[in-house]
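The values are calculated or read from the model by the stated rules, or taken from the named source; none is laboratory data. Everything numeric here is computed off the predicted structure, so don't read it as measured data. Cβ sites come from the backbone with ideal geometry, for glycine too, and all protein chains shown count toward neighbours. The accessibility values were calculated without ligands, DNA or RNA, using every heavy atom of the protein model including side chains. Shrake-Rupley method; radii C 1.70, N 1.55, O 1.52, S 1.80 Å.
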Amino acid sequence: MMSQEEDTTILFIAIAKDDIGKRILETEADVEDETEHYATMTLSAKEYYSIDELLRSMIKPCDVFIDAGESSTMEARRVQKAKEMTLEFAKKNPETRVACDKMIKMFDIALKYNRDIDFA
C-alpha cells in the first residue's frame, strides 16, 4: 500500500511597495509578511487549488498566468479587475473565502501603492 504524501505546493505572492522593497524581494530568499517596503503572502496547496478556477479565469482579462512553481507578474493596471473577479468568485464559491480574502488583501496593497504583483 502506497502512502500518500501531503501536497505542499504553495503560491508565493509578493508586492514591492517601493524601490527598497523591490531590492529586498530580489535579493533575499526568505522574506515573509509585510513591512513598510514590501508585502508577501503564501497560499497553501489547499487554498491554491480551491481558487485554481479563478486563477485560470484571470489569464485573458488580467493578462497573467498564475500557477504555483511558475513566475509571473500582474501589472498594476490589471489589479482592480483581478480584485473584482476575486470578489465575485468568493460570493459564488463561499468555500474559497480564506484564499480569496488573502488575494483581496494583496490586491488592496497593490492598489494602494500602484504596484505590480509577483507570483511564484
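Is it fair to say LYS60 is assigned to a helix (DSSP H, G or I), on the phi < 0 side of the Ramachandran plot, of a type outside the set (A, V, I, L, M, F, W, C) and in contact with an Asp or Glu (Cβ under 8 Å, 6 or more places away or on another chain)? Steps first, answer last, please.
On the way: assigned to a helix (DSSP H, G or I): yes; on the phi < 0 side of the Ramachandran plot: yes; of a type outside the set (A, V, I, L, M, F, W, C): yes; in contact with an Asp or Glu (Cβ under 8 Å, 6 or more places away or on another chain): no.
No: the conditions fail for LYS60.
Look through segment 1-36, keep the residues that are touching a strand residue (DSSP E or B) at 6+ places or on another chain (Cβ under 8 Å), part of a loop (DSSP other than H, G, I, E, B) and of a type outside the set (Asp, Glu), and return whichever of them is modelled with the highest pLDDT.
Selected residue: LYS17.
Check PRO94 against each of (1) open to solvent by less than 40 Å² (accessible area, probe 1.4 Å); (2) over 14 Å from the mean Cα position of the chain (by Cα) and name the one condition it does not meet.
Exception for PRO94: condition (1).
Output yes when any residue across segment 91-102 is part of a helix (DSSP H, G or I), acidic (Asp, Glu) and at pLDDT 95 or above, and no when none is.
Scanning segment 91-102, I find at least one residue that is part of a helix (DSSP H, G or I), acidic (Asp, Glu) and at pLDDT 95 or above, so the answer is yes.
Kindly establish whether ALA39 is of a type in the set (Gly, Ala, Ser), at pLDDT 95 or above and either in a strand (DSSP E or B) or touching a Cys at 6+ places or on another chain (Cβ under 9 Å) (or both). Don't jump to the end; show me each part of the working.
Working: of a type in the set (Gly, Ala, Ser): yes; at pLDDT 95 or above: yes; either in a strand (DSSP E or B) or touching a Cys at 6+ places or on another chain (Cβ under 9 Å) (or both): yes.
Taking the combined requirement at face value, the residue satisfies it.
What pairs come up if the first residue lies in segment 67-86 and is farther than 13 Å from ASN114 by Cβ, the second is among the small types (Gly, Ala, Ser), and their beta carbons are under 7 Å apart, counting only those six or more places apart or on different chains?
SER71/ALA120; MET85/SER57
Just checking, how many residues over segment 63-84 are part of a helix (DSSP H, G or I) and among the acidic types (Asp, Glu)? Please lay out each step first, then the result.
Residues of segment 63-84 part of a helix (DSSP H, G or I): 76-84.
Within this subset, residues satisfying the condition of being among the acidic types (Asp, Glu) are 84.
The total comes to 1.
For the list (1) in contact (Cβ under 8 Å) with a residue 12 or more places away in the chain; (2) farther than 14 Å from PHE107 by Cα; (3) open to solvent by 70 Å² or more (accessible area, probe 1.4 Å), I need the number of the one condition that ASP30 fails.
Here ASP30 clears every test but (1).
Do you know which residues across segment 8-27 are among the β-branched types (Val, Ile, Thr) and open to solvent by less than 20 Å² (accessible area, probe 1.4 Å)? So that I can check it myself, show each step before the final result.
First, the residues of segment 8-27 that are among the β-branched types (Val, Ile, Thr): 8-10, 13, 15, 20, 24, 27.
The answer is ILE13, ILE15.
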